[in-house]
Every structure is written in structure tokens, then in C-alpha cells.
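Report on the structure given below.
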Amino acid sequence: MAPSILLVNPPYQSRTEAIAQISVGPPLGLAYLAASLEVAGVPVDILDANALQLSEEETLRRVLDAEPDVVGLTAVTPTADLCARIAHGVKTLRPEATTVLGGIHASMVPDQTLARLPSIDLLVRGEGERTLPELVDSLPGGAGKLSRVAGVSLRKGKRIVHGPRRPLVDPLDDLPFPALHLLPMERYRAPESDHFSTVIAVRGCPGRCIYCSCPWVFGGTLRTRSPQNVAEEIERDRREFGVKLISFLDDTFAVNRSWALELCHELVDRGLPDDLRWKALTRADTVDKEVLAAMHEAGCDLIEFGIESGSQKLLDAMRKGITVEQIKNAFTLAHDEGIKTMGFLMLGLPGETQETLEETLQLVQEVDCDYLQVSFATPYPGTGLHAWAEKNDLLQTDDWERYVFLNETVMENPTAPPELLREYWQRINRAFYLRPGYVVRQTLAALKGDAQVRTMAWAGAKTARRLLDRG
Ligand code: B12
Ligand code: SF4
């Protein structure tokens, strides 16, 4: 019989800010892996310790109770050490089990990760759907040889060896739908709904923003699923799990305009229930009136745009490939269509100064988005930003657990010291949350019973309190 696998989403979310905690989604990567393992006949289960709000100790206990042959953990940079601690517990108390780490962090810096985390036996780089079943088949006693499996990295004595690069999955329609039946679906929620799930329809991004890790897993070219395949998954999510809100996790939902229009038309043609709504993240340069109208008609209530900065100079330096005018235009068009908007900002990118921070403050006031997230530029290992910070000796710490961009700065910026960034973090949040129009609008909407506004207002109130507490 094939070895059994337990895939583990570590318990990380309690460490983030209020705004992050009010949304808990399924670990979609693990659900994709589980679906491929099921097709390959490998006994698999998922432990979403994050959604179940388990402690580290409880997570380890549940892993050991399941008696898996293989424990697969998923990590972003700030959760890599947490995964390693769980793996350490496994190796201590069940040494015969094999520990495998995958996800964006492992994909970006495999050598460093294996060197620093001795409790991890094997590491998977990039997409795992094809790699993991082959890896299982190549464990001692299996058919293949581990070091030859494409996408796998491991230690051989003191050396770290890498199997060849794994080609990207293409066409994506070949993948089975994520195995949501292995997850505690009743636990997932977003401000707008307690019946929440996520879908990824597009993989890869042609962008090259210096701070971003995305292309390391999904590559630099765009792969889209067929609109029919995406719509079928959404119908499945509704039918089998009662999902009422979907968040598209695609890096750039509308970057392929004709595909986005086709998907929206497909969703409308299928006559999805009116109470099935969705939201998506896309670049500000990918939307126009027609695309936004189609998205709204197909059920899109909220669009998230990466603003990053109000300074054109900075947008160019980070290779965002977007103009300030395009950002303003995108927000205006979305509001005209009646779609709510969320903006993401990043303070402290190379070249940031008081002047550029002022420009960002002005832009936030101008675009008047409904929700806002202000973060600090964080140099994730393997990105151009990390290389810049390292070269200029600006890294304040290499403690990966502190690389949570909502919490603190982990990088010095020669033209914008941490105190200045914190000051503008406060000023921008204050200007946003405490602006009179916003308070009135949110209060009215909350009185009308808008659940999304109520929850976001709760997060907003927490942020505002923090702002006032800090003076
Ligand atoms: C959804 C999401 C979240 C959700 C997570 C919800 C959930 N339960 O999954 C939330 C909002 C909680 C979140 C939080 C954060 N996120 Co986030 N998030 C994403 C996003 C948009 C999608 C992730 C996803 O599901 N992808 C789809 C699946 C299919 O891909 P995948 O998870 O990578 O899995 C595949 C492979 O990686 C691999 N794989 C993954 N795990 C494993 C495990 C094994 C054993 C194997 C073999 C293979 C394998 O196989 C999978 C299938 O191909 C990505 C962007 C992106 N495009 O991926 C950012 C992203 C992962 N997030 C990022 C960041 C920075 C964060 C935060 C640190 C932000 C912050 N607050 O500071 C926090 C981390 C929380 C914390 N406190 O530690 C960065 C990670 C950068 C880095 N180097 O770490 C990304 C890449 C965004 C970016 N532009 O850079 N995030
Ligand atoms: S456009 Fe978005 S996903 Fe693409 S590289 Fe830039 S930040 Fe990353």
C-alpha cells in the first residue's frame, strides 16, 4: 500500500493584524495537492491547524495521532520556522516519518531553507501537484529515485542536491478540483460571508515587481483555466459546500481581458444564484468600463487593487508598470460601476522619502477606496528587494518569523527611516479611517445591515483605536 500523507497548514493567523484575522480561507495549495494524491491512489488527509485555531503543541499531537508516513507542510517566509518546529516534533517522536516542506518560501530559497531547517527531510520547489505523487512513489521501497524527481531538493551528506526543474502544469484544466471535502469548510469566513471559499483561475504573472515572490511558484507567463472549468468549480463549491462568497486568488484577475470577459459571461449564462458573490484582485491597468460592468453583472462586489505608492518615481523604481493616473482611473471606474474597492499600500520601498510618502497620502485621499491595507515593504528572501537590502546592508534581521509586513519594518531604508514610515503609517490610516465621509458612510451602511461593513468597521475600529492609543 502507498505511504499515507498528512498535509498540514500551520497555525499562523493569530499573529497578524485584526484586518487579516477577519478573513480565514482554505489552504488551497494543500487542497490541490490532496486532490492529485487522491487521483494517484495515495491515502491523504489535511490538517488545517490555522482554521481550527490549534496551538503548536495541539497541532503536533494531532499530526502524531494520525500516524502518517509523510507529513507535508506549507510555508510562506514567516511560517517556515513554525513548520520546522512542527517537523522537529514529528522527527523526535515519530522518526520513521518523512517531513516535506513546500510553498513559496521553499521555492524561492531552497538551499537556505534546507540548510537552516534540519527537521525538514525533503523540499518541493514550485507547483506540487505532479511532484508530490512522484515523490511518494520514490520514497525508500518505492519505484523511483528521490534525487531524480523533478522539483525535489534534499540533503546528501553535507551537500544539498536539486532534482531537475519541474515543468509548469499546462493545461490547468487537467488538474482535479481542490479537495475541499478534506477541510473544515464551516470554519472559513470573510467579512461579507460565513460561507466562504477561494478559487484560483489564473496562474503566473508577467509582472516583475521587485518586492513580489509570486512568479517563483507559478512562473512569469500567464496560464488561464477555461472559463467553463472555473465555472464548474464554482458550481461545485456552491452545490457541495454551500459557498456564498468566492475570493479569486489570482495575482492579476483581468490581465487577459478577453478571458476575463468570457469568464464573466460564462458565469452569467450559468445563472448562478443571486446570493453567490465574488471578489478579485487585479492590476489597476487591466480594467476598463466594459470589463468592470461584466464583472459586476457576474457577481463581483469588491475589487482589490495594489496601489503601493502615490509616487510615479517609486512605482517605476519598483517596476510596477502602472501609472498614478491609471490607479485613479481604476478606482473611479469601479465606483461608477457600483463595485466596492480595496487598496493596498506599501511604505518604505527603495527611493521612499517624506515627499513620496506625502504623495501617497494625497493619492489615498483622492481615490477614496472603501477599504485600505497599509503595509511596510518587506524584503522576502529571493526577491529583488531582498537582494537590494542585502547588498546595501539594510536588513535589520534574518528572523523569518518577523517578515509579516503588517507588523513592523525589517529593513532600513536610507531615505526613509523606520520612525518616518511609522509616522506615515499612522497618518495615512488616520486620514483614511477617521475621515468624516467615511465614518458617516460606514455607519449608514452598518445600520442598513451590511454585514461586510459591520465586520470591516470592527477591524477599522480596532485600527482606529490603535491609532488613537498611539497618539
Ligand atoms: C491567499 C493568500 C493568503 C491568505 C492565506 C489563506 C490560505 N489559507 O491559504 C492570507 C490572507 C491569510 C495570507 C496571509 C499572508 N500572506 Co499571502 N498570499 C495568498 C495568495 C494570494 C494565494 C495563496 C494561494 O492559495 N495560492 C494558490 C495555491 C494553489 O498555491 P500555493 O499555496 O503556492 O501552493 C502550490 C505550491 O506552492 C506548492 N505547495 C504549497 N505548499 C506545499 C506543501 C507541500 C508539502 C508541497 C509538496 C507543495 C506545496 O504546491 C501547491 C500547488 O501547486 C498568495 C499569492 C500567490 N499567488 O500565491 C499570497 C502570498 C503567498 N502571501 C504572501 C504574504 C507575504 C503573506 C503574509 C506574510 C502577509 C502579511 N500579513 O505580512 C501573510 C502570512 C501570514 C502570517 N502571519 O504568517 C506572499 C508570500 C511571500 C513569501 N515569500 O513568503 C505571497 C506570495 C504574495 C506576494 N505577492 O508576494 N495570504
Ligand atoms: S503584478 Fe502583482 S503578482 Fe505580478 S509581479 Fe507585480 S505584485 Fe507580483
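Laid out as a table, the results:
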| quantity | calculated |
| --- | --- |
| Sole residue being away from ligand 2 (no atom under 16 Å from the Cβ) and closer than 23 Å to Arg159 by Cβ, chosen from Thr59, Thr79, Thr98, Thr92 | Thr98 |
| Selection count, the range 155-177, where residues are charged (D, E, K, R) and within 23 Å of Gly204 (Cα to Cα) | 5 |
| Matching entry among Glu337, Glu366, Glu355, Glu325 (being at negative phi, of a type in the set (Asp, Glu) and in contact with a helix residue (DSSP H, G or I) (Cβ under 6 Å, 6 or more places away or on another chain)) | Glu337 |
| Test: residue in the range 245-254 that is more than 12 Å from ligand 1 (Cβ to nearest atom), over 18 Å from the mean Cα position of the chain (by Cα) and farther than 30 Å from Pro381 by Cβ | no |
| Residues (small (Gly, Ala, Ser) and out of contact with any Ser or Thr (no Cβ under 7 Å at 6 or more places or on another chain)) located in the range 262-318 | Gly271, Ala280, Ala284, Ala293, Ala294, Ala298, Gly299, Gly306, Ala317 |
| Exclusive hit being among the charged types (D, E, K, R), more than 25 Å from the chain's Cα centre (by Cα), at pLDDT 65 or above and assigned to a helix (DSSP H, G or I), set Arg465, Arg441 | Arg441 |
| Residue match in the range 139-148 (condition: surrounded by 13 or more Cβ atoms within 10 Å (Cβ to Cβ), in contact with a His (Cβ under 7 Å, 6 or more places away or on another chain) and not basic (Lys, Arg)) | no |
| Close pairs (8 angstrom Cβ cut-off, 6 or more residues apart or separate chains): more than 8 Å from ligand 2 (Cβ to nearest atom) in the range 211-225, acidic (Asp, Glu) anywhere | Val217/Glu127; Phe218/Glu127; Phe218/Asp251; Arg223/Asp170; Arg225/Asp173 |
| Number of the exception - Leu168 against (1) of a type in the set (A, V, I, L, M, F, W, C); (2) without any contact (Cβ under 8 Å) to a residue 60 or more places away in the chain; (3) more than 12 Å from ligand 1 (Cβ to nearest atom) | (3) |
| Residues (farther than 22 Å from Leu117 by Cβ and under 19 Å from the mean Cα position of the chain (by Cα)) located in the range 359-383 | Tyr371, Leu372, Gln373, Val374, Ser375, Phe376, Ala377 |
| Check on Val404, in the same structural domain as Arg319 (by TED's automatic domain parsing), modelled with pLDDT of 95 or more and either among the β-branched types (Val, Ile, Thr) or closer than 28 Å to Phe331 by Cα (or both) | no |
| Tally, over the range 75-116, of residues that are assigned to a loop (DSSP other than H, G, I, E, B) and touching a strand residue (DSSP E or B) at 6+ places or on another chain (Cβ under 7 Å) | 3 |
| Search result, residues across the range 223-234 that are crowded, with 16+ Cβ neighbours inside 10 Å and farther than 18 Å from Gly29 by Cα | Ser226, Pro227, Ala231, Glu232 |
| Residues of the range 353-382 satisfying the condition of being touching a Ser or Thr at 6+ places or on another chain (Cβ under 6 Å) and more than 30 Å from Glu290 (Cβ to Cβ) | Thr353, Thr356, Glu359, Phe376, Tyr380 |
| Matching entry among Thr341, Thr353 (being polar (S, T, N, Q), away from ligand 1 (no atom under 16 Å from the Cβ), at pLDDT 95 or above and crowded, with 18+ Cβ neighbours inside 10 Å) | Thr341 |
| Which listed residue, of Glu240, Glu235, is modelled with pLDDT of 95 or more, out of contact with any helix residue (DSSP H, G or I) (no Cβ under 9 Å at 6 or more places or on another chain), over 16 Å from Phe305 (Cβ atoms) and away from ligand 2 (no atom under 16 Å from the Cβ) | Glu235 |
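The values are calculated or read from the model by the stated rules, or taken from the named source; none is laboratory data. Predicted, not measured: the structure shown is a model, and the values here were computed from it. All Cβ positions, glycine included, derive from the backbone under ideal geometry; neighbour counts span all protein chains shown.
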